[in-house]
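Participant: Attaching a single structure in C-alpha cells format; questions to follow.
The values are calculated or read from the model by the stated rules, or taken from the named source; none is laboratory data. This one's a predicted model, so the numbers in the text were calculated from it and none came from an experiment. Here the Cβ is made from the backbone with ideal geometry for all residues, glycine too, and neighbour counts use every protein chain on show. Heavy atoms of the whole protein, side chains included, go into the accessibility calculation; ligands, DNA and RNA do not. Shrake-Rupley method; radii C 1.70, N 1.55, O 1.52, S 1.80 Å.
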Amino acid sequence: MIRKILAKVVICIVLAVAVVWTITPVMWMISLSFKTYGEWRTPSLIPHNPTLDNYIMLFSPQSITTIFIAYTAVLEPITRPLIRSLIISATATVIAIIIGFFTAYGASRYNSPGSFTLFFTLLTRMLPPAVFVTPIVIYFTTLALIDNIIGLALLYAATTLTYAVWILKGFIDAIPIEWEEAALLEGASPLQAIFKVVIPIVRPGMVVAGLFIFLMSWTELLFALVLTNLNVPLSVQVSKYVTAVGALWGVQAAAALVSSIIPLVIGYLIQRHLITGFTFGLVRG
Amino acid sequence: MNRQEAVKLENVTKRFGNVVAVNNVSFEVYKGELFSLLGPSGCGKTTTLRIISGLERPDEGRVYIEGTDVTELPARERRVCLVFQEYAVFPHMNVYENIEFGLKVKMLPRAERDKKVKEVAELLELVDYLNYKGGRLGLSDQQKVAIARCLVVEPKLLLLDEPLTLVDARVRERMRRELKRIQRELGTTMIYVTHDQLEALMLSDRMAVMRNGKIIQIGTPEEIYDNPADMFIATFVGSPAMNFLEGVLEVEEGMLILKTSSYKYVLSKSIESSAVQNLIGTEVVIGFRPEDAEVRHSGEVEGVIKLVEIVEDRKILHIKINEDEVKVLADIFTSFTEGQKVKVWINPLRLHIFEKKNGKKLLKGVVSR
C-alpha cells in the first residue's frame, strides 16, 4: 500500500518537473511579449505595465514612434513572412506527401526501388544539414532560386520526402492487398483502387506525416537564412529582432508566439486524424 | 443440366521461383455449377483461383471464360469476382457503400445503383446492416457483404477462397446452406476453394482434388467419395478416414486372401472377377471405409477393441488386429466395451485395392456372392 502511494508520489513529482520544464519557457515568452522595453530584463513573470507595443511593432513597424524607431528601417510587418512561411510549408507538405505516397506505394507493393535504396534516402537525414549548405547554395544560384520562396518549398519537400515515404510505407504495408484486389475484381482500375480504397484508409497517416513535414518546414532556419535575402520566411524573421544595433527581446517573444500559433491551430483542427494516425497499427491488432 | 462451359483451364502452369505452384492443370467448369477445388494447404488451389480471376498470370497454358481466351485480360475486365478468406470488407465504408462500390466505379446512375444494392442486400439478408461501418461487422456478416459486393456486379463467375474458414463452426454450417441457396436461386457459376473435405462434399456439384499443384481427380462428390483415385484422396476425403491394410493378394482353396505379415484375411469366398485374378501375388494396400465394415460375432478376422468413441449419433470402434488398427462404425445403441474381443467383416463389394508402391487405385470391390 505504502509502496503504491510512494510510487504515485514519485510519478507526480517527475511529471510536475517535466511540465515546469516545458511550460516555463513558453510562459516566459508570453510574459515577455507583453512587457515594456524597460522591463525586458527584469526577472518577473507578471508584466508590471502590460503593453501591446511589441505586437504593434510586429505588425506595423512603421507606425511606431517610440524607442523602437531606430529599428524600423530593417523590419517589415510580420504578416509578410507569415504568409511566405505558410506558402512554403504548405507547398512543401503537399509536394512531399503526394510524391511520398506514390513512392511509398511502389515500395510497399512492388518493392520498388528496393529496400537498400529506400534506406539510403534516409542518409540525407543522418548527416548534419550544414554539410549540404555549400552545394545547395551553388545549385540554387545556378538555378536562380536564391531568395525565392518556391525554391525553399522545393528544398523542404526534397529533404522531408524521405520521412513521408517511411511513414506512409508503414501505413500502406498495414493495408491487406486483398482490399485492392477486391476493388480490381469489381471493375475498378488500379488508380481507382488507390484513390478509393488505399488513400481513404491511409488518410490519417498522411495527416500525421503532413503535420510532421509542415512543422519541420515551418521551423527550419539554417537553409532559410542562407538562401533568402529579402523574401525571408517567418523563422528568419523571428531571428531578425536581435540585430547589430540591439536586441528587441519583447518583440522577438511576440514574434515567436505568433509563429507558434499556426502549428497549434493546425494541430487542433486535425486532432481527430492525429489520434487515428498515431494509433493506426494498434487498432487493427 | 446445361453443359455450357463457363471456365476452361488448359495446361495451366504457374511457378514462383523454383516452386511450381500449379502444375499443368486442366479442367472445365460448366455454367450454373458449384465446383470445388479441394486440397491440403499449399496444394495450389488458391493460386489456381487467382489465375482464373486474373490476379495472377499463368506461366504456361490458357484460361477461357465462356469460350473466350482471357489469359491476357486484366482482372477487372474479366467480370469475375473473388471472395477472400479475410479482409473482405472495406473498413472505411458502410455496408451500403461497400456493396455499391463495384457499381460506382462503373459509373452507373444513382437510381440503378440503389435498386441493385437493395436487391442484393435483401437476398443476403443484409438490409438491417446497410448503415453499419464495414469494420464493425462480425466475420460471417463481413463475408456476406463480400459476397453481396460480388453479386451486385453480376459476375460471370464467382470465386470463393475459403470464405468460411475463419467463421465459427456453428455459423459456418448455416452460411454453407445459404450459399447453396443463393447459388441455386441465381444460377451463378461458382468455384469454391476449400481444404475442408466435408464442405466440398456438401456444397459441390462437382469437385477436383488437388495435391502438389496437380489435379488428381475430378468428379461428383459421390464419385470422389466412393471411388477415390488413390490412397491420398481416400485418406483426405471422408471422416473418419479410410482404413488401410497392407499385404499380398493370394488364392487359397478358391478363396481370395489378403496375406499380411502376421495374419490372413479372407476377402472373398470366391473369385469371379478376372480383374482380381491379375492382381494375385502383387503387394497391395486394401482400403475400406469405417462404414463399410461391421463387427460381428462370427467373422473372418479377430481383433480387440481398443477405444470406443461416440461421435454424434454413432460409435467409432478402434479395433486392433494384430499390428494394424482399423476404425469401424457401429450403431450408438450397441454395447461394445474396450478390451472386448470381436470379429471384423469387411464388405467385399466396397473394398478398394491400391497398389502399394505408388498408392494408385487398382480395383474397387471384389465380387462375392
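Participant: On the full set of protein chains, 1.4 Å probe, figure out the accessible area of B:Ser335 and give it in Å² to the nearest 10.
Facilitator: In the full protein context, B:Ser335 sits at about 100 Å².
Participant: Over chain B, with a Gaussian network built from C-alpha contacts below 10 Å, which listed residue (B:Ile147, B:Ile319, B:Ile52) shows the highest mean-square fluctuation?
Facilitator: B:Ile319
Participant: Find the relative contact order for segment B:243-369 and round it to a whole percent, using C-alpha pairs within less than 8 Å whose residues are 6+ positions apart.
Facilitator: Working: 294 pairs, mean separation 34.5, N = 127.
For segment B:243-369, the relative contact order is 27 percent.
Participant: Here is a follow-up. Please report how far the C-alpha centroid of segment B:153-212 lies from that of segment B:235-296, rounded to the nearest whole angstrom.
Facilitator: Computed from Cα coordinates, the inter-centre distance equals 36 Å.
Participant: Would you mind telling me which residue in A:Ala16, A:Ala255, A:Ala144 has the biggest mean-square fluctuation in a Gaussian network model of chain A, where springs connect alpha carbons within a distance under 10 angstrom?
Facilitator: It is A:Ala16.
Participant: Can you compute the FRET efficiency between A:Asn111 and A:Arg272 using 1/(1 + (r/R0)^6), with r the Cβ-Cβ distance and R0 = 35 Å? Round to the nearest 0.05. Present the calculation step by step, with values, prior to reporting the outcome.
Facilitator: Numbers: r = 33 Å, r/R0 = 0.95.
Once the sixth-power term is evaluated, E becomes 0.60.
Participant: Using a 1.4 Å probe on the protein chains only, how many percent of the accessible area of segment B:243-364 belongs to carbon and sulfur?
Facilitator: Values: 2980 of 6350 Å².
Answer for segment B:243-364: carbon and sulfur cover 47 percent of the accessible area.
Participant: Where only protein heavy atoms count, and the probe is 1.4 Å, what is the accessible area per residue for the protein assembly as shown in Å²? Walk me through the numbers before you get to the answer.
Facilitator: Values: 32330 Å² over 654 residues.
With all protein chains present, the protein assembly as shown gives 49 Å² per residue.
Participant: Relative contact order of segment A:79-240, please, whole-number percent, based on alpha carbon pairs below 8 angstrom and at least 6 residues apart.
Facilitator: Working: 163 pairs, mean separation 66.6, N = 162.
Computed value for segment A:79-240: 41 percent relative contact order.
Participant: Could you let me know the centre-to-centre spacing of segment A:226-283 and segment A:43-57, using Cα atoms, in angstrom?
Facilitator: Measuring centre to centre over Cα atoms gives 21 Å.
Participant: Still on this model: Viscosity 1.567 mPa s, temperature 4 °C: what is the translational diffusion coefficient of the protein assembly as shown from Stokes-Einstein with a Kirkwood Rh over Cα pairs, rounded to a whole number of µm²/s? Write down the numbers at each step before the final one.
Facilitator: Working: Rh = 31.7 Å.
In µm²/s, the coefficient rounds to 41.
Participant: Shifting gears a bit: Any idea how far apart B:Glu154 and B:Asn347 come out in nm if each label point goes 7 Å out from Cα toward Cβ?
Facilitator: It is 4.7 nm.
Participant: Something else now. Give me the tail of P(r) for segment B:222-290 as a percent: Cα-Cα pairs with distance above 15 Å. Each step should come with its number before you reach the end.
Facilitator: Values: 1324 of 2346 pairs.
That tail contains 56 percent of the Cα-Cα pairs.
Participant: What is the extension gain from B:Lys214 to B:Glu86, computed as 0.36 nm multiplied by their sequence separation minus the C-alpha to C-alpha distance, in nm to one decimal? Don't skip to the answer; put the middle values down first.
Facilitator: On the way: separation 128, 0.36 × 128 = 46.08 nm, distance 2.54 nm.
Gain on extension, B:Lys214 to B:Glu86, equals 43.5 nm.
Participant: Turning to a different aspect of this structure: Rounded to the nearest 0.05, what FRET efficiency is calculated for A:Asn229 and B:Ala111 with R0 set to 51 Å and r the Cβ-Cβ distance?
Facilitator: Values: r = 61 Å, r/R0 = 1.20.
Here the calculated transfer efficiency is 0.25.
Participant: Still on this structure, please answer the following. Taking a 1.4 Å probe, which of A:Val226, B:Val117, A:Val19 shows the most accessible area, and what order do the others take after it?
Facilitator: The residues order as A:Val19, A:Val226, B:Val117, largest area first.
Participant: Using the scaling law 2.2 N^0.38 Å as the reference, what is the normalised Cα Rg of chain B?
Facilitator: Numbers: Rg = 24.8 Å, N = 369, 2.2 N^0.38 = 20.8 Å.
Compactness ratio reported: 1.19.
Participant: Report the accessible area of B:Arg296, computed with a 1.4 Å probe over the heavy atoms of all protein chains in place, in Å² rounded to the nearest 10.
Facilitator: Surface open to solvent at B:Arg296 totals about 90 Å².
Participant: Under a point spin-label approximation (7 Å from Cα along Cα-to-Cβ), what is the A:Leu264-B:Tyr64 distance to one decimal in nm?
Facilitator: Placing both labels 7 Å along Cα→Cβ, they lie 7.3 nm apart.
Participant: Restricting attention to segment B:250-354, which chymotrypsin sites (Phe, Trp or Tyr not before Pro) occupy a DSSP loop and are surrounded by at most 10 other Cβ atoms within 10 Å? Intermediate results must be reported in sequence, preceding the final value.
Facilitator: Details: sites: B:Tyr263, B:Tyr265, B:Phe288, B:Phe333, B:Phe336, B:Trp345, B:Phe354; in loops: B:Tyr263, B:Phe333, B:Phe336.
Filter output for segment B:250-354: B:Phe333.
Participant: What is the distance in Å between the Cα centroid of segment B:322-354 and that of segment A:165-201?
Facilitator: 56 Å
Participant: Calculate what fraction, in whole %, of the accessible area of segment A:170-229 sits on carbon and sulfur atoms when a 1.4 Å probe is rolled over the protein chains. Spell out each step's value before the answer.
Facilitator: On the way: 1420 of 2010 Å².
Its accessible area is 71 percent carbon and sulfur atoms.
Participant: Can you list which of the DSSP-assigned H helices in chain B have a Cα extent of 18 Å or more along the long axis and an average Kyte-Doolittle score of at least -0.5? Present the calculation step by step, with values, prior to reporting the outcome.
Facilitator: Values: long enough: B:110-123 (20 Å, -1.35); B:139-152 (20 Å, 0.49); B:169-186 (26 Å, -1.63).
Correct list, ordered by number: B:139-152.
Participant: Tell me, what is the percent relative contact order of chain A, built from C-alpha pairs under 8 Å that lie six or more residues apart?
Facilitator: Numbers: 287 pairs, mean separation 75.1, N = 285.
For chain A, the relative contact order is 26 percent.
Participant: Shifting gears a bit: Considering segment B:243-364, what Rg and Dmax in Å follow from its alpha-carbon atoms?
Facilitator: Spelled out, the Cα radius of gyration and Dmax of segment B:243-364 are 14.6, 43 Å.
Participant: Note down the nm distance, to one decimal, between modelled labels 7 Å out along Cα→Cβ at B:Val127 and at B:Asn18.
Facilitator: Calculated label separation equals 5.9 nm.
Participant: So if each residue of separation counts as 0.36 nm, and I subtract the Cα-Cα distance between A:Leu221 and A:Ile177, what length gain in nm does that give? Don't jump to the answer; show the numbers that get you there.
Facilitator: Values: separation 44, 0.36 × 44 = 15.84 nm, distance 4.12 nm.
So the extension gain works out to 11.7 nm.
Participant: Right, another one. Rank B:Val304, B:Val276 by accessible area, highest first, at a 1.4 Å probe radius?
Facilitator: Values: B:Val304 45, B:Val276 5 Å².
So the residues, ranked largest to smallest area, are B:Val304, B:Val276.
Participant: Can you work out the FRET efficiency for the pair A:Leu122 and B:Glu325, with r the C-beta to C-beta distance and R0 = 60 Å, to the nearest 0.05?
Facilitator: Numbers: r = 62 Å, r/R0 = 1.03.
Between A:Leu122 and B:Glu325 the formula returns 0.45.
Participant: What percentage of the solvent-accessible surface of segment B:5-236, computed with a 1.4 Å probe over protein heavy atoms, is contributed by carbon and sulfur atoms?
Facilitator: Details: 4440 of 9720 Å².
Within segment B:5-236, the accessible surface is 46 percent carbon and sulfur.
Participant: If you don't mind, another one. For every helix of n ≥ 4 consecutive DSSP H residues, a contribution of -39,500 (n - 2.57) applies; sum these over chain B, divide by its total residues, and give [θ] at 222 nm rounded to the nearest 500 deg cm²/dmol. Numbers along the way, then the final one.
Facilitator: Numbers: 9 runs with 89 residues, N = 369.
Using -39500 (n - 2.57) per qualifying helix, the result is -7000 deg cm²/dmol.
Participant: Name the residues of segment B:86-114 whose accessible area, probed at 1.4 Å, falls by at least 40 Å² once all protein chains are in place instead of their chain on its own?
Facilitator: The answer is B:Tyr87, B:Phe90, B:Pro91, B:His92, B:Phe101, B:Val105 - residues whose exposure falls by at least 40 Å² when every protein chain is included.
Participant: With +1 on each Lys and Arg Cβ and -1 on each Asp and Glu Cβ, and nothing else charged, work out how big the dipole of the protein assembly as shown is about its Cα centre, in Debye to the nearest 20. List each step's numbers first, then the result.
Facilitator: Details: 69 positive and 65 negative charges, 320 e Å.
Around 1540 debye, computed over the protein assembly as shown.
Participant: With every protein chain left in place and a probe of 1.4 Å, what is the accessible surface of B:Leu139, to the nearest 10 Å²?
Facilitator: Only protein atoms counted, so the area is about 70 Å².
Participant: Same structure again: With a 1.4 Å probe and all protein chains kept in place, how do A:Trp218, A:Trp166 rank by accessible area, largest first? List each step's numbers first, then the result.
Facilitator: Values: A:Trp218 10, A:Trp166 95 Å².
My answer, sorted largest first, is A:Trp166, A:Trp218.
Participant: Using protein heavy atoms only (no ligands, DNA or RNA), what is the total accessible area buried between A and B, 1.4 Å probe, nearest 100 Å²? Before the final figure, lay out each step's value.
Facilitator: Working: alone 16320 and 17930 Å², together 32330 Å².
The summed interface area works out to 1900 Å².
Participant: Are there GluC sites (Glu not before Pro) in segment B:48-91 that DSSP puts in a loop and that have at most 14 other Cβ atoms within 10 Å, and which ones?
Facilitator: Working: sites: B:Glu56, B:Glu60, B:Glu66, B:Glu72, B:Glu77, B:Glu86; in loops: B:Glu56, B:Glu66, B:Glu72, B:Glu86.
Passing sites in segment B:48-91 are B:Glu72.
Participant: Just which residues of segment B:140-159 lose 20 Å² or more accessible area with every protein chain there, against their chain alone, with the probe set to 1.4 Å?
Facilitator: Listed in order, they are B:Arg149.
Participant: If you take each beta carbon of peptide A:167-179 and count the beta carbons of other chains within 10 angstrom, what is the mean? Don't skip to the answer; put the middle values down first.
Facilitator: Working: counts 0, 0, 0, 0, 0, 0, 0, 0, 2, 4, 3, 10, 8.
Counting Cβ atoms of other protein chains within 10 Å of each residue's Cβ and averaging gives 2.
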